[in-house]
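The values are calculated or read from the model by the stated rules, or taken from the named source; none is laboratory data. These numbers were taken from a predicted model, which means no experiment stands behind them. We place every Cβ from the backbone using ideal geometry, glycine too, and count neighbours over all the protein chains shown. With ligands, DNA and RNA removed, areas are computed over all heavy atoms of the protein, side chains included. Shrake-Rupley method; radii C 1.70, N 1.55, O 1.52, S 1.80 Å.
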Amino acid sequence: MYDVSKIREDFPILSRTVYGKPLIYLDNAATTQKPRQVVESISDEYYSVNANVHRGVHFLSQQATELHEGSRETVRRFINARSVSEVVFTRGTTESINLVASSFAGGLMKPGDEVIVSVMEHHSNIVPWQLQAERFGIVLKVIPMDEKGELLLDEYEKLFSERTRLVSVTHVSNVLGTVNPVKRMIGMAHAKGVPVLIDGAQSIPHIPVDVQELDADFYVFSGHKIYGPTGIGVLYGKEKWLDRLPPYQGGGEMIQKVTFEKTTFNELPFKFEAGTPDYIGSTALAKALDYVSAIGMEQIAEYEHGLTRYAMSRMKEIKGMRIFGEAEQKSGVISFLVGNIHHFDMGTLLDRLGIAVRTGHHCAEPLMHRLGIEGTVRASFALYNTKEEIDTLVSGIERVSRMFC
Ligand code: PLP
């Protein structure tokens with residue numbers, strides 16, 4: 001039984017008010033709220049274990065190292081990676097993509113080589129490639145989509161050439177909610193000998209992810225979008241690729257031996273973890289993964305699917321409603337505009353009713369150009385949202401709409 005009231009008790013922020021109204025938090029695609037278990041893990045570790053990891057012989061350092069490396073194992077299990085060597089801690093999705101872009105382009109690509117992305121990417125899966133395009137003369141190719149917000153796989157197939165070196169696509173769109181058929185897309189790329197990076201920022205909190213089943217070469221995500229802390233995230237990479245990539249940053253931890261003449265690098269995953277890692281964050285991230293695992297990712301996916309279906313049907317009843325993203329496979333992200341009301345006005349007035357939504361281009365300007373709009377209002381759901389909150393959102397939108405008539 002999915003007991004949403006019990007789940008909500010774990011998130012103290014959900015019982016606060018804003019402008020005297022109960023908070024309805026529907027900005028989960030930007031960041032999720034944190035359960036007590038995660039927040040307490042941070043203060044507990046600072047209060048009772050804190051010491052730098054890996055290098056210390058003393059008790060606290062060893063205990064902190066055990067927690068940190070234990071968290072790596074928790075991540076491994078959560079995404080079903082083959083080995084902890086394939087789990088690199090980073091600051092988040094953005095840093096993970098920058099790492100791969102920089103090391104892959106710098107180490108394994110030549111001018112004129114190509115990377116395929118899609119039209120619905122977040123800026124963090126566009127700009128890192130553009131930076132490398134400027135440095136190394138690599139070329140970006142873009143998968144188009146149809147009106148429903150589904151990628152055109154025939155066009156995708158046509159983008160491959162002998163110069164294609166990597167595909168980098170999002171699992172779930174942060175604007176349209178489209179769940180892309182990444183397993184199929186990976187299969188198509190592999191048939192041509194091309195590896196694939198999947199941006200899992202918007203999938204990891206909502207659907208079960210098995211990197212071996214997907215056969216992803218790289219899979220990246222952020223802790224803060226799955227009820228964990230900010231400042232920590234993950235780069236999963238198949239060992240065969242991580243082995244081939246040169247290090248991203250230099251410093252402590254990532255070396256084996258340093259002389260002024262030559263430096264040799266540490267084994268995986270440490271080769272990519274220069275400097276003191278966020279060991280407090282990794283423990284808290286593991287707590288977040290334990291938290292969702294205890295509820296069950298299948299159960300979460302099913303519950304949120306029900307919420308999304310309900311929200312879509314209720315929101316479509318609203319006069320003048322335009323929803324962007326009607327893919328068959330859609331997660332709990334609903335982007336919309338109503339009549340001629342500016343997204344910023346809608347967001348600001350909903351906020352006054354206690355409803356937190358996001359407005360703007362959602363860091364996906366090329367997608368906005370494709371849709372022919374400047375921005376949308378976006379409501380995005382999490383495991384603690386309820387149908388009652390969706391009802392309040394719908395009556396809030398109707399109330400704002402009436403103000404503009
Ligand atoms: N990719 C997608 C699809 C996202 O939605 C986001 C954040 O919204 C990111 C990447 C960037 O995540 P972060 O800012 O946590 O690095």
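How about segment 29-53: which of its residues are part of a loop (DSSP other than H, G, I, E, B), under 11 Å from I280 (Cα atoms) and small (G, A, S)?
A51
Taking the stated definitions as given, is I186 open to solvent by less than 10 Å² (accessible area, probe 1.4 Å), assigned to a loop (DSSP other than H, G, I, E, B) and within 28 Å of E304 (Cα to Cα)? No: the conditions fail for I186.
Would you tally the residues in segment 117-135 being touching a Ser or Thr at 6+ places or on another chain (Cβ under 6 Å) and hydrophobic (A, V, I, L, M, F, W, C)? Final tally of qualifying residues: 2. Inclusion of R352 among residues that are within 16 Å of the ligand (Cβ to nearest atom) and either open to solvent by 60 Å² or more (accessible area, probe 1.4 Å) or in contact with a Pro (Cβ under 8 Å, 6 or more places away or on another chain) (or both) is not warranted. Among the residues of segment 225-277, those identified as open to solvent by 30 Å² or more (accessible area, probe 1.4 Å) and either outside the structural domain of P205 (by TED's automatic domain parsing) or assigned to a strand (DSSP E or B) (or both) are I255, Q256, K257, V258, T263, T264, F265.
Of all residues in segment 80-101, those that are buried (at least 20 other Cβ atoms within 10 Å of the Cβ) and either more than 16 Å from the ligand (Cβ to nearest atom) or of a type in the set (G, A, S) (or both) total 6. Anything in segment 307-324 that is of a type in the set (K, R) and either touching a residue at least 40 places away in the same chain (Cβ under 8 Å) or not in a helix (DSSP H, G or I) (or both)? List them, or say none. Matches in segment 307-324: R314, K319, R322.
Quick one: in segment 102-125, which of the residues that are polar (S, T, N, Q) and within 11 Å of the ligand (Cβ to nearest atom) is surrounded by the most Cβ atoms within 10 Å (Cβ to Cβ)? Filtering segment 102-125 for residues that are polar (S, T, N, Q) and within 11 Å of the ligand (Cβ to nearest atom), the one surrounded by the most Cβ atoms within 10 Å (Cβ to Cβ) comes out as S118. For V220, indicate whether it is more than 10 Å from the ligand (Cβ to nearest atom), open to solvent by less than 10 Å² (accessible area, probe 1.4 Å) and at pLDDT 95 or above. So V220 does not fit the description; no. Select, from A29, A64, the only residue that is surrounded by 14 or more Cβ atoms within 10 Å (Cβ to Cβ) and within 16 Å of the ligand (Cβ to nearest atom). Sole residue among the options that is surrounded by 14 or more Cβ atoms within 10 Å (Cβ to Cβ) and within 16 Å of the ligand (Cβ to nearest atom): A29.
Only one of the numbered conditions (1) part of a loop (DSSP other than H, G, I, E, B); (2) free of Cβ contacts under 8 Å to residues at least 40 places away in the same chain; (3) touching a Ser or Thr at 6+ places or on another chain (Cβ under 6 Å) is violated by A327, and that is (2).
Looking across segment 65-115, the residues that are more than 19 Å from the chain's Cα centre (by Cα), touching a residue at least 60 places away in the same chain (Cβ under 8 Å) and not in a helix (DSSP H, G or I) come down to R82, S83.
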